Amino acid sequence: MKILVTGGLGYIGSHTVVELQNEGLEVVIIDNLSNSSIDVLDGIEGITEKRPIFEEFDLRNKTKVQDFFARHSDVGGVIHFAASKAVGESVEKPLLYYENNLGVLVYLLQELEKKKGASFIFSSSCTVYGQADELPITEDAPVKPAESPYGNTKQVGEEIIRDTCKVTPDLKAIALRYFNPIGAHPSIKIGELPLGVPQNLVPFITQTGIGIREQLSVFGDDYPTEDGTCIRDYIHVVDLAKAHVKALQRLLQNENNSNYEVFNLGTGKGSSVLEVIHSFERVSGKKLNYKIVGRREGDVIQAYADTQKANKVLGWKSKYTLDESLKSAWDWEQKVRTSHAAKS
Ligand SMILES: NC(=O)c1ccc[n+]([C@@H]2O[C@H](COP(=O)([O-])OP(=O)(O)OC[C@H]3O[C@@H](n4cnc5c(N)ncnc54)[C@H](O)[C@@H]3O)[C@@H](O)[C@H]2O)c1
């Protein structure tokens, strides 16, 4: 049986393909390279000594999706990472986000509906909780109105899967709500490759550390937190990837309690923006150039996961510390810049 990984050359997808192959699973990747590079295949092969099957096409092409499933009738599980993920861009181009993040989801589910007992894992996000009323955030916390079309695609995406599972008892699905993935594979053969200005804190920090960005802006230090900056739950991408394997195995082995389940994936520990900066400074031995600026609209103050459900039910727990995660992100940044300089 094959496992289809959509967006498998992207940041989280590539790390997950490594863990799937490490477990002996056969992987086929679909990616249109809209936010990734073909070189990632070499990185995956370099780590696992196995090159996954790769098909390059745009999943928005429904005919190609149908044709893919006709050619690969042995696909028994799908991990669906492919999506557009820039919050700001989603505000400017909502239809692009609804088409890519929801249209594609529908096409995939339409194919899986026809199969017997297919397993489906969906990349969701802690953004569905907004500013949660209680911390740490459990899976039972209410979903809050989305702050952006991107956030809305995750909420509606979950609803589409839940509704489909209700009428398709054969289909088994898990939505994984990621907190804040950071870091790179310890081999530094794969990592995060943001195009343009990074949207997330850690790549912005490492790019500032290496001199591509002049200065990091810290948005607000007057929040009701210990040091006044916002708090998030930063999880190493390898820990996150391993959780996908656990979730998939749960479905493949029919261990699920219902045919639609939701899990938080985080460390359970909140870290403030300043704590992340100080962690970077510790592991890199560099002083980071940053300045405190005003608050940014739409930022939640604190979000960190209650991980008990994933710990107990999936038998998974994050292992990497914040320092280890920042260290791998920094090693990766240095490697990317060195190989870039060597090429040019
Ligand atoms: N990185 C995060 O902080 C984060 C947090 C929560 C949820 N997520 C979700 O996790 C998933 C993976 O995120 P990531 O950080 O690895 O993103 P990424 O952009 O690195 O990876 C997504 C991959 O999908 C591909 N892709 C996009 N649209 C496609 C299409 N129409 N056809 C074929 N391929 C397509 C891109 O080329 C890319 O390789 C996304 O669904 C994202 O919304 C990410």
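The values are calculated or read from the model by the stated rules, or taken from the named source; none is laboratory data. None of the values given here were measured: they were computed from a predicted structure. Cβ placement follows ideal geometry from the backbone for every residue including glycine, while neighbour counts extend to all protein chains displayed. Side chains included, ligands, DNA and RNA excluded: accessible areas come from the protein's heavy atoms. Shrake-Rupley method; radii C 1.70, N 1.55, O 1.52, S 1.80 Å.
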Sorted peptide list for 192-202, 302-312, 231-241, 276-286, criterion being average Cβ within 10 angstrom, highest first: 231-241, 302-312, 276-286, 192-202
Given charges at beta-carbon only (K, R positive; D, E negative), |dipole| of segment 89-241 in Debye: 800
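Add -39500 (n - 2.57) for each DSSP H run of 4 or more in the chain, then divide by its residues: what number comes out at 222 nm, to the nearest 500 deg cm²/dmol? Each step should come with its number before you reach the end.
On the way: 11 runs with 132 residues, N = 344.
Computed mean residue ellipticity for the chain: -12000 deg cm²/dmol.
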Beta bridges per DSSP with both ends in segment 69-211, % antiparallel, nearest 5: 0
Net charge of neighbours whose Cβ lies under 15 Å from the Cβ of Val40, counting Lys and Arg as +1 and Asp and Glu as -1: -4
Positive-pole candidate from Cys126, Ile3, Leu195, dipole of the chain, charges at beta carbon: Ile3
Low-density loop cleavage sites - GluC sites (Glu not before Pro) in segment 79-142, where at most 13 other Cβ are within 10 Å (DSSP): Glu134
Accessible solvent surface per residue of segment 239-284, calculated while the other protein chains remain in place, 1.4 angstrom probe, Å²: 35
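When a/c reaches 1.5 or more, the comparison of a/b and b/c decides; with that in mind, is segment 152-195 rounded, prolate or oblate per its Cα gyration tensor? List each step's numbers first, then the result.
Numbers: a/c = 3.81, a/b = 2.36, b/c = 1.62.
Cα axes put segment 152-195 in the prolate bin.
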37 °C / 0.692 mPa s Stokes-Einstein diffusion coefficient of the chain, Kirkwood radius on C-alpha pairs, µm²/s: 160
Debye, to nearest 20: dipole size of segment 226-344, +1 on Lys, Arg Cβ, -1 on Asp, Glu Cβ: 380
Electrostatic dipole magnitude of the chain [Cβ: Lys, Arg +1; Asp, Glu -1; Cα centre; debye, to 20]: 480
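Can you give the relative contact order of the chain as a percent, counting alpha carbon pairs under 8 Å and 6+ residues apart?
Working: 660 pairs, mean separation 64.8, N = 344.
After rounding, I find 19 percent.
For Ser272, Ser34, write out the residues from largest to smallest accessible area, computed with a 1.4 angstrom probe and no ligands counted.
Ser34, Ser272
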Surface per residue (accessible, 1.4 Å probe) for segment 1-92, Å²: 41
Cut-off under 5 Å, modelled amide H: who pairs with Gln302 long-range: Ile231
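Determine the alpha carbon to alpha carbon distance for each of Lys85/Lys116; Lys189/Lys335; Lys85/Lys312; Lys50/Lys327; Lys2/Lys154 and list only those over 20 Å. Walk me through the numbers on the way to the answer.
On the way: Lys85/Lys116 31 Å; Lys189/Lys335 9 Å; Lys85/Lys312 30 Å; Lys50/Lys327 27 Å; Lys2/Lys154 26 Å.
Long pairs (Cα-Cα over 20 Å): Lys85/Lys116; Lys85/Lys312; Lys50/Lys327; Lys2/Lys154.
Shape call for segment 222-344 from the C-alpha gyration tensor, a ≥ b ≥ c root eigenvalues: rounded (a/c under 1.5), prolate (a/b greater than b/c) or oblate? Spell out each step's value before the answer.
On the way: a/c = 2.56, a/b = 1.40, b/c = 1.83.
Oblate is the answer for segment 222-344, as a/c is 1.5 or above yet b/c matches or exceeds a/b.
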Placed amide H near Val262: partners under 5 Å, 5+ positions off or other chain: Ala175
